[in-house]
Amino acid sequence: MPVLGFTDRGIYCAAGDFYIDPWLPVPRALITHGHADHAYPDMGSYLATTAAAPVMQHRLGADARIDTMNYGETRQIGDATVSFYPAGHVPGSAQIRVCVNGEIWVASGDYKTVDDGLSEPFEPVTCHAFITESTFGLPVFRWTAQDVLAQELNTWWAANVAAGRPSVLGAYALGKAQRLMRTVNPDIGPILTVTAIENTNQVLRTQGITLPDTVRITEDVSAKTHPGALIIATPGSTSQHWARRFPQASSAFASGWMAMRGVRRRRGADRGFIVSDHADWDGLNMAVKATGAERVFVTHGYTAQFARHLCDQGYDAQVVATNYAGDDVEGAE
Amino acid sequence: MKQFAALFARVDESTKTTVKVAALAAYLSHAPVDDRLWAIGLFTGRRPKRAITTTKLRVWAAEVAGLQDWLFDESYHVVGDLAETISLVLPPPADVVEHSLTHWILWLKHLGTLDEDARKAGILAAWDSLEPDQRFLFNKLLTGGFRVGVSAKLMTRALAKSTGQDEATLTHKLMGKWTPDTTTWAALIEANDPTADLSRPYPFYLAHGVDDPTDLGAPADWHAERKWDGIRGQYILRSGTHHLWSRGEDLMTDRFPELSALADYLPDGTVIDGEILAFTDETPLSFNALQKRIGRKTVPKKILAEAPVILMAYDVLEHQGHDIRQQPFDARRTILRDLLGRVPTTAPIRLSPEVPFGDWDTLRTARAQSRAHNAEGLMIKRRASPYLAGRKRGDWWKWKVDPLTVDAVLIYAQAGHGRRANLFTDYTFAVWDGDVLTPFTKAYSGLTDAEFGQVTAWVRKNTTQKFGPVRQVTPHHVFEIAFEGIQASPRHKSGVALRFPRMLRWRKDKPLSEANTLADLRDLLDMYG
């Protein structure tokens, strides 16, 4: 019996009778992080990191029963010993280490290996079998260094301020949005947010994460009341009503997909910033190597290509079917 | 090349025409003169000769990046652009140097004279000296396919802005077979006589589509003729030499040798706009007959005999060496009729016949007979109209026949690349043959981005089998497929091949059982094949 198995409900641990990131209702779910394709509603109970829990509670509702653990703590569940280690994806995100009879498997959910200045930095966990994503599992994906990214963002924003244009930056509500607001120089101008992002900001601030001052976009907030503003908006919201109060805005989108010219053009934004909360090609390869694992299971993204590449490198790698979406190119979380 | 890369980035990233034009105009005013000329050349499809095969570039790039060939190819498939793939997989440059655009183009020309080892060393060194954005453009120069989001129209507008010259004049100056090697900024842009180049064509006048011409006003103001289904061409006879240009500015003179005979009958200083048609016994053949000759540089005798071509003349643009485009259509047509009246009927040219009509309903009836004439529909031209440059609204309209359609079932989907990477956009469709679904066409276009997104999500959840990049899906969705023509094809399982197939509608209202059958397709083939 393997430590973890892949079922039509999620990743299952028979020794502990629990699931990791299940997509159909199960009695007991261990959750890597609060994004919607990993933390589904209607589970009998949830177990997540202390830092991930507040956002999950906010998203899943007050009725969700969420138990928490700190990073590095261990807990015995049936015949399995489980612990959580930082995945560097978003605040509170974790790789879940499961040990049964001395055999160690790690389910990493979504992760990135670079320090984004916001999330708890990724820690490699030694294991026998590693379950990895491969959202950007092709060698064409290589991220802009964090300091260069900051410079690019600030230059774009400042130029818009000088030209009297608002700046609209598309990013996901949990993780990417906060990372960007901590990356830019807040002295350039006011930072405005759409409701979905501001709600997440509130939750994160309450749990002690420092974010720059932001203003929620309400009916009476406009380019006139906040000249030179940087508006951080969820990708789907830029066609909503509020956008009309910020005419002539320069639009930008922040995503790993912006590495590809074709996708940049399809999105039709004025600028594309190459930034992701998933590992790039080098990050994925380094992460797999650092685990020392012999067996690798690839769950989502460019799975076939990444698994074949790992096999070429001598790993026993295979693709497994899951419902995880990774960073969907069309902007779903 | 930094300046050119910055221009390219601005033009490529922005969706706003004003931003693109402003960036281009600024470049055309401030860049070194040689670089300006090359920029215009590149943006209008004139590129340096390819010095290296793409196969070699792939192998070298994979080698430098330390990638297995299959992984490089997978990456290329996803990115959809070789130049971009190479620029993305290579490690960052070790030793950055700055050279002008013209420097790199001349360097490439020199490279073509070296042996392979020297070429490879040169390319690798260049890659290692360029920032990724410049490296991408350098690769574009290497691979030759310099297609970017700048239309000739936009380029001309920017040039007009920076030089103060009239757009139509500049459009004319930029036509034809010049390259930055064979001309100069002064000769091409600043000199005043666009016909100094004897082969230079006039910009084609293109029509907008019309759904119902009733609103155009009094029928008497309009001339109608068939919209022939061939290749639009411009026949130029100056100083005893003839040239034949396609609408896409391809020189087609040698591809249609029969038309050289026209030089014996037409007077010097004549330019005619018309349609090249395969034509026998005073009847145009279907486009399928002409298709065999497309893409051939020279034509074997057998094909010449099977599908001889004529020029179906629409218009005359130059007469006795004078540009007469400003004269009214009726006057030009009279000149054209006179010219052709002096040509024997054995010569490969005809006057496109007028389709007379007293009211729009009569014309509607004529349009309905288009397919029987192997025509795509009707052209409606204002009798008083000048011959304009480019696609202009108001004077010329095309009234095309409705496409043929069938309802078909989606059975395979494949991800697109480039702009459509990660979206399932390339579909295979099937019709019923008894209770079996038989594939008969692929289609890639016609849905909105939102619809492609919906289909993509559905495909991910309803894949029954994967064959490499191709996914077999549960037969469920019915689409209305529109196409312009149908022909028998022994190469296809269904026995038919369609022309310009695309998705007209997603028929969410139709159950699977109501999709069309192979017998329906055969009926269409009998009627229109």
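The values are calculated or read from the model by the stated rules, or taken from the named source; none is laboratory data. Here the structure is a predicted model, which means the values were calculated and not measured. Neighbour counts are summed over all protein chains in view; Cβ atoms, including those assigned to glycine, are modelled from backbone coordinates with ideal geometry.
Remark: pairs (first residue in the stretch B:409-430, buried (at least 21 other Cβ atoms within 10 Å of the Cβ); second residue of a type in the set (Lys, Arg); Cβ separation under 6 Å; 6+ apart in sequence or on different chains) = B:ALA413/B:ARG471.
Table: residues versus (1) over 18 Å from the mean Cα position of the chain (by Cα); (2) not aliphatic (A, V, I, L, M).
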site: B:GLY209; (1), (2): no, yes
site: B:PRO219; (1), (2): yes, yes
site: B:ILE236; (1), (2): yes, no
site: B:HIS243; (1), (2): yes, yes
site: B:PRO257; (1), (2): yes, yes
site: B:GLU275; (1), (2): no, yes
site: B:ASP281; (1), (2): yes, yes
site: B:ARG293; (1), (2): no, yes
site: B:LYS302; (1), (2): yes, yes
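Can you find a residue that is surrounded by fewer than 24 Cβ atoms within 10 Å (Cβ to Cβ), without any contact (Cβ under 8 Å) to a residue 24 or more places away in the chain, assigned by TED's automatic domain parsing to the domain that holds A:TRP281 and over 17 Å from the mean Cα position of the chain (by Cα) anywhere in the stretch A:126-138? No: zero hits. For the stretch B:382-399, the set of residues classified as touching a helix residue (DSSP H, G or I) at 6+ places or on another chain (Cβ under 8 Å), outside any loop (DSSP other than H, G, I, E, B) and either aromatic (Phe, Trp, Tyr) or at pLDDT 95 or above (or both) consists of B:ARG382, B:TRP397, B:TRP399, listed by residue number. So which residues in the stretch B:438-459 are touching a helix residue (DSSP H, G or I) at 6+ places or on another chain (Cβ under 9 Å) and at pLDDT 90 or above, if there are any at all? If the condition is that a residue be touching a helix residue (DSSP H, G or I) at 6+ places or on another chain (Cβ under 9 Å) and at pLDDT 90 or above, then B:THR438, B:PHE440, B:TYR444, B:LEU447, B:PHE452 are the ones that fit. Highlighted here are the strands (runs of 3 or more DSSP E) found entirely within the stretch B:435-479 that include at least 1 residues which are aromatic (Phe, Trp, Tyr) and out of contact with any Leu (no Cβ under 8 Å at 6 or more places or on another chain): B:463-467.
Take B:ARG337 and tell me if it is of a type in the set (Lys, Arg), modelled with pLDDT under 95 and over 18 Å from B:ASP264 (Cβ atoms).
Numbers: of a type in the set (Lys, Arg): yes; modelled with pLDDT under 95: no; over 18 Å from B:ASP264 (Cβ atoms): yes.
When the stated conditions are applied, B:ARG337 does not pass them.
Among the residues of the stretch B:57-101, just one is more than 7 Å from chain A (Cβ to nearest Cβ), under 22 Å from B:GLU116 (Cα atoms), of a type outside the set (Gly, Ala, Ser) and not in a helix (DSSP H, G or I), namely B:LEU90.
Counting residues in the stretch B:422-444 that are acidic (Asp, Glu) and within 14 Å of B:TRP506 (Cβ to Cβ) gives zero. Scanning the stretch B:187-238 for residues that are assigned to a strand (DSSP E or B) and among the aromatic types (Phe, Trp, Tyr) yields B:TYR205, B:TRP222, B:TRP228, B:TYR235.
Run down A:LEU192, A:LEU180 and say which single residue is outside any strand (DSSP E or B) and either under 16 Å from the mean Cα position of the chain (by Cα) or away from every other protein chain (no Cβ under 14 Å) (or both).
A:LEU180
When every residue of the stretch B:429-444 is checked against the conditions, at least one turns out to be closer than 28 Å to B:ASP211 by Cα, among the polar types (S, T, N, Q) and touching a Ser or Thr at 6+ places or on another chain (Cβ under 9 Å).
Scanning the stretch B:98-115 for residues that are in contact (Cβ under 8 Å) with a residue 40 or more places away in the chain and of a type in the set (Phe, Trp, Tyr) yields a single hit, B:TRP104. Among the conditions (1) more than 30 Å from B:ALA415 (Cβ to Cβ); (2) within 11 Å of chain B (Cβ to nearest Cβ); (3) among the hydrophobic types (A, V, I, L, M, F, W, C), the only one that A:TRP281 does not satisfy is (1). Here B:THR156 fits the description: free of Cβ contacts under 8 Å to residues at least 60 places away in the same chain, surrounded by 20 or more Cβ atoms within 10 Å (Cβ to Cβ) and polar (S, T, N, Q). Count of the stretch B:109-140 residues, restricted to those that are away from chain A (no Cβ under 14 Å), within 18 Å of B:ARG46 (Cβ to Cβ) and at pLDDT 90 or above, is 1.
Being charged (D, E, K, R) and buried (at least 16 other Cβ atoms within 10 Å of the Cβ): is that true of B:GLU484 here? Yes: the conditions hold for B:GLU484.
In the stretch B:113-164, counting only helices (runs of 4 or more DSSP H) that sit wholly within it, the ones holding 2 or more residues that are touching an Asp or Glu at 6+ places or on another chain (Cβ under 8 Å) and of a type outside the set (A, V, I, L, M) span B:132-143, B:152-163.
Can you give me the number of residues within the stretch A:125-138 that are within 14 Å of A:HIS278 (Cα to Cα) and either of a type in the set (Asp, Glu) or assigned to a loop (DSSP other than H, G, I, E, B) (or both)?
In the first step, residues of the stretch A:125-138 are kept if they are within 14 Å of A:HIS278 (Cα to Cα); the result is A:132-138.
Applying the additional criterion that residues be either of a type in the set (Asp, Glu) or assigned to a loop (DSSP other than H, G, I, E, B) (or both) yields A:133, A:135-138.
Counting residues in the stretch A:125-138 that are within 14 Å of A:HIS278 (Cα to Cα) and either of a type in the set (Asp, Glu) or assigned to a loop (DSSP other than H, G, I, E, B) (or both) gives 5.
Within the stretch A:193-215, the residues that satisfy the criterion of being without any contact (Cβ under 8 Å) to a residue 40 or more places away in the chain and either surrounded by 17 or more Cβ atoms within 10 Å (Cβ to Cβ) or more than 17 Å from A:SER167 (Cβ to Cβ) (or both) are A:THR195, A:ILE197, A:GLU198, A:ASN201, A:GLN202, A:ARG205, A:GLY208, A:THR210, A:LEU211, A:THR214.
Output the residue which, of all residues in the stretch A:284-318 that are within 14 Å of another protein chain (Cβ to nearest Cβ) and polar (S, T, N, Q), is farthest from A:GLU152 (Cα to Cα). Restricting to residues being within 14 Å of another protein chain (Cβ to nearest Cβ) and polar (S, T, N, Q), the top hit is A:GLN313. The residue that is farthest from the other protein chains (Cβ to nearest Cβ), counting only those in the stretch A:230-257 that are within 20 Å of the chain's Cα centre (by Cα) and either surrounded by fewer than 19 Cβ atoms within 10 Å (Cβ to Cβ) or closer than 30 Å to A:VAL125 by Cβ (or both), is A:ALA254. For the stretch B:488-500, the criterion of being surrounded by fewer than 17 Cβ atoms within 10 Å (Cβ to Cβ), part of a strand (DSSP E or B) and in contact with a Leu (Cβ under 9 Å, 6 or more places away or on another chain) is met by at least one residue. Contact map, the stretch A:178-192: first residue in contact (Cβ under 8 Å) with a residue 24 or more places away in the chain, second residue of a type in the set (S, T, N, Q) and part of a loop (DSSP other than H, G, I, E, B), Cβ cut-off under 6 Å, separation 6 or more or different chains; pairs are A:ILE191/A:THR214.
Between A:GLY262, A:GLY272, which is more than 21 Å from the chain's Cα centre (by Cα), within 11 Å of chain B (Cβ to nearest Cβ) and without any contact (Cβ under 8 Å) to a residue 40 or more places away in the chain?
On the way: A:GLY272 fails: more than 21 Å from the chain's Cα centre (by Cα).
So the residue among A:GLY262, A:GLY272 that is more than 21 Å from the chain's Cα centre (by Cα), within 11 Å of chain B (Cβ to nearest Cβ) and without any contact (Cβ under 8 Å) to a residue 40 or more places away in the chain is A:GLY262.
Does A:VAL329 qualify as being within 24 Å of the chain's Cα centre (by Cα), at the interface with chain B (Cβ under 10 Å from one of its Cβ atoms), part of a helix (DSSP H, G or I) and modelled with pLDDT under 90? So A:VAL329 fails the test. Note on the stretch B:3-28: among residues that are under 18 Å from B:PHE138 (Cβ atoms) and at the interface with chain A (Cβ under 10 Å from one of its Cβ atoms), the one that is surrounded by the fewest Cβ atoms within 10 Å (Cβ to Cβ) is B:ALA9.
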